[in-house]
Amino acid sequence: MSKKVANKNLKMSFSDVVKLSREDHGLSICRVFTRHIDSAKTSSGKFYRKQLVTITNLDNGLSIVREVAGANNRDQKAPDGSVKTRPIRTESIGLDYDSRDLLGITGNEANIEMRVAGRIDRAKFFWYHEDKAVRFATHGRVELFVLGSIGVILGIISVVLAIA
């Protein structure tokens with residue numbers, strides 16, 4: 001069994017932005033060259049598959065949180081043989097339309113930095129998630145935690161008052 005390695009401080013820069021194919025729209029993912037991804041979680045110099053990352057457009061300061069996934073470096077072809085999207089190379093990052101819009105990217109070039117998402121960024125990602133089922137589950141967990149904490153506090157108070 002291989003040992004998992006932490007990659008909390010990992011950052012990468014990208015200058016080329018590739019539009020993702022329709023199959024990736026609405027999934028809250030970004031795609032990078034496959035060699036930047038470590039599915040076994042044994043390398044500290046690579047991102048893990050499905051890891052939450054913060055993507056920042058350094059030109060305007062806007063940022064988003066997405067799950068990172070690998071991509072091949074070949075042209076993606078449509079059933080009729082035409083090219084659907086450009087290949088994602090080493091210096092490229094693939095983003096869907098919504099991600100590009102939230103980052104203020106209009107063309108194919110931008111000064112992009114991608115880093116591992118911190119705890120607050122991860123919490124915000126699930127709290128404001130685009131999928132209502134994920135958002136509802138997150139809100140429910142927080143509400144249940146608050147109600148449980150109130151129950152514990154009231155229980156402790158009642159025990160203390162019963163002893164006194």
Subset of the range 36-60 [under 14 Å from residue 114 (Cβ atoms) and either among the hydrophobic types (A, V, I, L, M, F, W, C) or touching a residue at least 60 places away in the same chain (Cβ under 8 Å) (or both)]: 37, 47, 51, 52, 53, 54, 55, 58
Criterion (surrounded by 13 or more Cβ atoms within 10 Å (Cβ to Cβ) and either small (Gly, Ala, Ser) or closer than 17 Å to residue 64 by Cα (or both)) met by exactly one of 135, 86, 119: 135
Within the range 21-48, how many residues turn out to be within 18 Å of residue 96 (Cβ to Cβ) and part of a loop (DSSP other than H, G, I, E, B)? 5
Filter result (at pLDDT below 75 and surrounded by 11 or more Cβ atoms within 10 Å (Cβ to Cβ)) within the range 61-77: 72, 73, 75, 76, 77
Heads up, the helices (runs of 4 or more DSSP H) in the range 86-164 (entirely inside) with at least 3 residues that are basic (Lys, Arg) are 119-127, 132-163
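The values are calculated or read from the model by the stated rules, or taken from the named source; none is laboratory data. Just so you know, these numbers come straight off a predicted model, no measurement behind them. We place every Cβ from the backbone using ideal geometry, glycine too, and count neighbours over all the protein chains shown.
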